[in-house]
Every structure is written in C-alpha cells, then in structure tokens.
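Report on one structure; see the data block that follows.
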Amino acid sequence: MGNYYQTNCHEYHKRTFSADSSSFLDPFVKMLPPGASILDVGCGSGRDLLWLKNLGFQVTGFEQSSGLANLARKYTGCEIIEGDFETYNFNTLKFDAILASGSLVHVPHSRLIPAIANINPTLDRNGIFYLSLKQGDDFQTDRTKRTFYLWQDAELRGVFNRLNFEVIHFSNTESVINSNDLWLGYVLKIK
C-alpha cells in the first residue's frame with residue numbers, strides 16, 4: 001500500500017487535507033488533558049495533526065510514505081517520523097495518546113493484533129488510543145487496487161479484549177471523504 005501513497009501523495013493530500021476532523025475526533029480529544037502529547041500513526045496528509053496542533057496538543061506524526069510525510073511537515077510544521085508501523089521500534093517513544101485514524105485499514109486481519117501490539121509500547125500507562133477501521137465483511141479492493149480490510153464491531157471488541165483494552169467510546173460514522181464508507185471508531189484505554 002505504501003507505493004500507492006508514495007506515487008499519489010499529492011492527489012491524496014489534496015483530497016483529504018481539508019476534511020473536518022472534528023466530526024469523528026471530538027470524543028477522543030475530550031478525554032485528553034490540555035496540551036497532551038499525541039502520536040498520529042499513519043498521519044497521511046497531516047490533516048488531523050494540524051487540527052490537533054491548533055487545539056494546543058503536542059503532536060508528532062508517523063508515516064510510511066516519504067511523499068506524504070514531506071507534505072505533512074510542510075503543511076503542519078510538525079515533526080514526522082518515517083517508518084513502517086508494523087516493524088518500527090516504538091519502545092523509545094512515549095506519548096499520552098495514540099491516534100490511528102484509518103491508518104490500519106490496509107493491515108490484514110491476521111496482522112492487526114501484532115501491529116497494534118507493536119505500536120502500543122509508546123502509549124503512557126494511563127493513555128488513550130483512538131482507532132478507526134472500515135465496517136464490513138472480509139475485505140474490498142478499490143479502483144486504485146488498494147485492499148481495505150473490513151471489520152464488524154464484535155470482531156474488533158474481541159481484538160481489543162485480547163490486547164487488554166477497554167472501549168470507553170464507540171462511534172459508527174459515515175466517512176467524511178466518501179459517503180459510501182462506514183467507519184467504526186473507538187476510544188480505548190488500557191485495562
């Protein structure tokens with residue numbers, strides 16, 4: 001998937017950067033202390049980074065596509081770490097919150113638990129984790145040849161239970177970019 005986002009970084013940035021983050025991230029930010037540090041995993045265009053920064057949070061992005069990382073730096077002025085969230089060593093980082101807004105949607109079902117477990121060490125013990133994934137069954141491939149892995153609420157709650165997360169807020173919302181997509185959004189806390 002990284003190749004699509006690298007090759008099409010300018011088009012993707014233009015299509016996603018101006019979407020309103022408040023419609024799905026308000027429940028997340030309401031649970032954070034003022035000025036909290038947040039790692040935006042898979043920050044893409046930097047849309048959510050800029051929105052969070054403007055609210056006074058200390059935000060850092062994490063992005064695999066160097067093209068998107070450069071655009072996010074340019075438009076947000078935030079630090080962006082480049083890497084693959086499935087293999088990057090997150091043990092040296094510490095944040096009050098993690099944001100994974102749609103960024104794990106290309107991770108196959110069998111690799112979701114290891115991917116979250118790899119990211120999780122960066123979360124402060126009392127931290128908050130926001131995660132959203134597309135609702136549906138199995139997977140779908142779009143016209144750009146990107147594969148999106150789809151989930152049902154009950155399946156994800158089983159994943160969170162295995163990872164020792166408690167769901168403190170749940171939402172089921174229409175995409176701000178494509179009205180045909182429904183997203184399952186979770187604010188999580190370590191039990």
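The values are calculated or read from the model by the stated rules, or taken from the named source; none is laboratory data. Remember, predicted model here, so these are calculated numbers, not experimental data. We place every Cβ from the backbone using ideal geometry, glycine too, and count neighbours over all the protein chains shown.
Below, the figures for the structure above:
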quantity	calculated
Residue in the range 115-124 that is assigned to a helix (DSSP H, G or I) and more than 23 Å from residue 169 (Cα to Cα) present	no
Neighbours by Cβ (under 8 Å, 6+ apart or cross-chain): first from the range 164-189, on the phi > 0 side of the Ramachandran plot; second assigned to a loop (DSSP other than H, G, I, E, B) and modelled with pLDDT of 90 or more	164/191
Filtered residues of the range 128-170 (kept if within 15 Å of the chain's Cα centre (by Cα) and among the small types (Gly, Ala, Ser))	132
Residue in the range 63-76 that is in contact (Cβ under 8 Å) with a residue 12 or more places away in the chain, buried (at least 22 other Cβ atoms within 10 Å of the Cβ) and in a strand (DSSP E or B) present	yes
Unmet requirement for residue 145, which otherwise passes all of (1) of a type outside the set (Phe, Trp, Tyr); (2) in a loop (DSSP other than H, G, I, E, B); (3) on the phi < 0 side of the Ramachandran plot	(3)
Candidate set: the range 49-62, residues that are assigned to a helix (DSSP H, G or I) and of a type in the set (A, V, I, L, M, F, W, C); chosen: the one surrounded by the most Cβ atoms within 10 Å (Cβ to Cβ)	49
Leading residue by the ranking (surrounded by the most Cβ atoms within 10 Å (Cβ to Cβ)) among those in the range 1-44 that are of a type in the set (A, V, I, L, M) and at pLDDT 85 or above	41
Residue that is surrounded by the most Cβ atoms within 10 Å (Cβ to Cβ), among those in the range 88-106 that are closer than 12 Å to residue 42 by Cα and of a type in the set (Val, Ile, Thr)	98
Failed condition for residue 84, given (1) under 16 Å from the mean Cα position of the chain (by Cα); (2) buried (at least 18 other Cβ atoms within 10 Å of the Cβ)	(2)
Selection count where residues are farther than 20 Å from residue 43 by Cα and surrounded by 14 or more Cβ atoms within 10 Å (Cβ to Cβ), scope the range 114-149	3
Failed item in (1) in a strand (DSSP E or B); (2) of a type outside the set (S, T, N, Q); (3) on the phi > 0 side of the Ramachandran plot, with residue 133 passing the rest	(3)
